[in-house]
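The values are calculated or read from the model by the stated rules, or taken from the named source; none is laboratory data. The structure displayed is predicted, hence computed values, not measured ones. Don't worry about glycine lacking a Cβ; one is built from the backbone with ideal geometry, like all the others, and counts go over all protein chains shown. The accessibility values were calculated without ligands, DNA or RNA, using every heavy atom of the protein model including side chains. Shrake-Rupley method; radii C 1.70, N 1.55, O 1.52, S 1.80 Å.
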Amino acid sequence: MCKGLAALPHTCLERAKEIKTKLGTLLQKPDSTIDFIIPYPEKPEKPPKAQKPSPEEALQWRDSLEKLLQNPYGLASFRSFLRSEFSEENAEFWVACEDYKKTKSPVKMAEKAKKIYEEFIQTEAPKEVNIDHFTKAVTMKNLVEPSPTSFDMAQKRIFALMEKDSLPRFLRSEFYHELIK
């Protein structure tokens, strides 16, 4: 009979998670047709419209994830890399939090907070990020009255995770090595 999900190869489970994410996105009202683009991880896409950094500038990314994320080409390159590894939700969450912090209107802030929570924080969210229970609880408490700092603890945890785990893998990737040639 059916052996359940445990019997499936790991790559099938990752692909199923990606499809679940895309379906969750499609079921929401799209703001634009960009939501319908499904990336294919076999070949990383080139970052659009951002100026390619010099090899020296790209080498500085080894020292600081912050420098990488602040550079439009670096961020796009990093996101393409994470997409190829089916783990782009961390970078997407970080970007969403940065955008959220810039929001001035309390009404817009509440709307964005709800969207970020539903997309990244809540259990079984389409792009659920890996944060501990305490961080999730603090974030939920902060969202009772949204402020620019509501997601700070969760964002710091995800930043640390990317810095410790994703950044070293990106720096070893062929895509990064092409940038520093």
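If I ask for residues that are modelled with pLDDT of 50 or more, open to solvent by less than 100 Å² (accessible area, probe 1.4 Å), over 11 Å from Leu179 (Cβ atoms) and touching a helix residue (DSSP H, G or I) at 6+ places or on another chain (Cβ under 8 Å), which ones from region 29-65 would you list?
If the condition is that a residue be modelled with pLDDT of 50 or more, open to solvent by less than 100 Å² (accessible area, probe 1.4 Å), over 11 Å from Leu179 (Cβ atoms) and touching a helix residue (DSSP H, G or I) at 6+ places or on another chain (Cβ under 8 Å), then Pro48, Ala50, Gln60, Leu65 are the ones that fit.
So which pairs qualify, if the first residue must be in region 157-171 and touching a residue at least 60 places away in the same chain (Cβ under 8 Å) and farther than 19 Å from Thr139 by Cβ, the second must be among the charged types (D, E, K, R) and not in a helix (DSSP H, G or I), the Cβ gap must be under 7 Å, and the two must be at least 6 apart or on different chains?
Leu171/Arg62
I need the full set of residues from region 68-94 which are surrounded by fewer than 16 Cβ atoms within 10 Å (Cβ to Cβ) and either of a type in the set (Lys, Arg) or in contact (Cβ under 8 Å) with a residue 24 or more places away in the chain (or both), in order please. Reasoning before the result, please.
In the first step, residues of region 68-94 are kept if they are surrounded by fewer than 16 Cβ atoms within 10 Å (Cβ to Cβ); the result is 70, 72, 85-86.
Listed by number, the residues that qualify are Pro72, Glu85, Phe86.
Can you name the condition, by its number, that Ala125 falls short on among (1) outside any helix (DSSP H, G or I); (2) modelled with pLDDT under 70; (3) farther than 18 Å from Leu167 by Cα?
(2)
Does region 156-175 contain any residue that is surrounded by fewer than 19 Cβ atoms within 10 Å (Cβ to Cβ), of a type in the set (Asp, Glu) and in contact with a Leu (Cβ under 9 Å, 6 or more places away or on another chain)?
Yes, because at least one residue in region 156-175 is surrounded by fewer than 19 Cβ atoms within 10 Å (Cβ to Cβ), of a type in the set (Asp, Glu) and in contact with a Leu (Cβ under 9 Å, 6 or more places away or on another chain).
Of the residues that make up region 90-97, is at least one in a helix (DSSP H, G or I) and polar (S, T, N, Q)?
The first filter runs over region 90-97 and keeps only residues in a helix (DSSP H, G or I), leaving 90-97.
Okay, now just the ones that are also polar (S, T, N, Q), so 90.
The answer is yes, given that some residue of region 90-97 is in a helix (DSSP H, G or I) and polar (S, T, N, Q).
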